[in-house]
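Report on the following structure.
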Amino acid sequence: GTLRVKDKIAVITGAGSGIGRATALLLAKNGAKVCLIDLNNNRSESVEKQINQMGGESLFVDTDVSDPQRVNQAIQSAAEKWGRVDIVFANAGINGIVSPIEDLTPEAWDHTLTTNLKGTFLTVKYAIPHMKKNGGSIIITSSINGSRSFSGFGMSAYSTSKAGQIAFAKMAALELARYKIRVNVICPGAIQTNIGESTKATPQLDKIKIPVKYPEGSQPLEHGPGQPEQVADLVLFLASQESSHISGTEIFIDGVESLL
Ligand code: NAD
């Protein structure tokens with residue numbers, strides 16, 4: 001096939017695992033140079049190695065997306081290495097503490113909002129100076145939990161962060177159109193990744209669980225969760241010229257889960 005993102009410079013957060021990892025590998029396979037941002041060194045270094053083995057180019061920068069200085073430096077190092085930034089995938093995120101609201105600590109709330117929402121803001125903010133001249137594409141990973149489906153009991157902080165990302169993406173799309181920077185937000189349903197590792201349920205959660213009609217994460221199209229590679233295909237499309245007239249849009253990728 002055609003190499004739709006050949007020689008483009010991409011920055012991906014949460015690139016060490018799951019959706020970010022699958023996207024990093026797919027963009028690299030299609031000829032992009034990829035800056036991998038994550039906290040998890042082992043996993044990220046293995047993604048870096050895999051890309052290099054397939055003859056691609058990548059750069060891992062150990063970075064917490066909630067740290068303004070580190071995010072700025074990471075994106076700066078990609079721009080210095082390759083000259084500019086064309087594609088940004090603001091994808092790092094955690095489920096955080098899953099708890100009834102009355103038992104959710106302010107610290108737990110802040111941690112989820114800071115990682116998911118402020119992290120997205122910082123990634124976009126510090127990429128803009130490197131994208132303004134040539135334009136580009138920004139893709140943000142929200143969730144069906146931020147928009148259409150709220151079946152994850154105890155996920156108030158998560159859902160709020162995910163809803164915030166959608167509003168932010170739309171404002172950014174409007175504001176950055178003048179620079180030919182497109183901004184879209186994707187809303188996956190359950191995808192088989194390592195996100196369970198970032199999930200901590202409180203015992204009090206049992207108080208608010210109510211029976212659901214369908215098992216959580218069940219998707220009519222797949223009868224189970226989707227795969228990160230399926231999400232990567234969507235991100236590749238949104239990153240490429242083939243989607244040049246699409247901006248400010250929220251796209252569901254959930255095998256109809258959110259309509260159950
Ligand atoms: P994952 O846990 O497999 O990967 C997330 C990556 O983000 C990890 O490598 C982790 O180390 C990294 N990360 C976490 N906090 C970070 C921080 N502060 N700074 C830098 N990196 C950090 O999970 P995933 O499912 O691939 O998650 C990617 C995105 O997809 C998240 O935003 C998540 O909310 C969203 N999402 C996932 C699902 C799902 O069911 N898996 C559904 C909807 C949305």
Item to complete: Scan the range 89-117 and report the pairs whose first residue is over 10 Å from Tyr158 (Cβ atoms) and whose second residue is within 10 Å of the ligand (Cβ to nearest atom) and of a type in the set (Asp, Glu), with Cβ atoms within less than 8 Å and a gap of 6+ or a chain change.
Response: Ala92/Asp38
Fill in: Subset of the range 62-78 (residues that are away from the ligand (no atom under 13 Å from the Cβ), under 19 Å from Ile9 (Cβ atoms) and not aliphatic (A, V, I, L, M))
Asn72, Gln73, Gln76, Ser77
Worksheet item: What residue, among those in the range 153-198 that are outside any strand (DSSP E or B) and of a type in the set (D, E, K, R), is farthest from the ligand (Cβ to nearest atom)?
Response: Arg178
Practice prompt. Test Val231 against the criterion of being more than 15 Å from the ligand (Cβ to nearest atom), within 18 Å of Ser142 (Cβ to Cβ) and touching a strand residue (DSSP E or B) at 6+ places or on another chain (Cβ under 7 Å), and give yes or no.
Written response: no
Practice prompt. Starting from residues that are more than 18 Å from the chain's Cα centre (by Cα) and of a type in the set (Phe, Trp, Tyr), keep the ones in the range 137-185 and report whichever is modelled with the lowest pLDDT.
Written response: Phe150
Worksheet item: Listed residues Ile101, Ile97, Ile87; which is out of contact with any Gly (no Cβ under 7 Å at 6 or more places or on another chain) and closer than 23 Å to Ile191 by Cα?
Response: Ile97
Fill in: Thr114 vs. criteria within 15 Å of the chain's Cα centre (by Cα), of a type in the set (S, T, N, Q) and farther than 23 Å from Glu216 by Cα
yes
Response to the item:
In the range 242-260, anything without any contact (Cβ under 8 Å) to a residue 60 or more places away in the chain and within 20 Å of Lys8 (Cβ to Cβ) is listed as His245
Worksheet, complete the sentence: Flagged in the range 199-229 as in a loop (DSSP other than H, G, I, E, B), of a type in the set (D, E, K, R) and under 19 Å from Ser159 (Cβ atoms), in numbering order, are Lys209, Glu216
Item to complete: Can you tell me which residue within the range 47-91, out of those that are touching a helix residue (DSSP H, G or I) at 6+ places or on another chain (Cβ under 8 Å) and hydroxyl-bearing (Ser, Thr, Tyr), is farthest from Ser17 (Cα to Cα)?
Response: Ser66
Worksheet item: Considering only the range 100-149, how many residues are away from the ligand (no atom under 16 Å from the Cβ), buried (at least 18 other Cβ atoms within 10 Å of the Cβ) and among the β-branched types (Val, Ile, Thr)?
Response: 1
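The values are calculated or read from the model by the stated rules, or taken from the named source; none is laboratory data. Computed from a prediction, not measured in an experiment: that's the story for all the values here. So basically every Cβ, Gly included, is an ideal-geometry build from the backbone, and we count neighbours across all protein chains shown.
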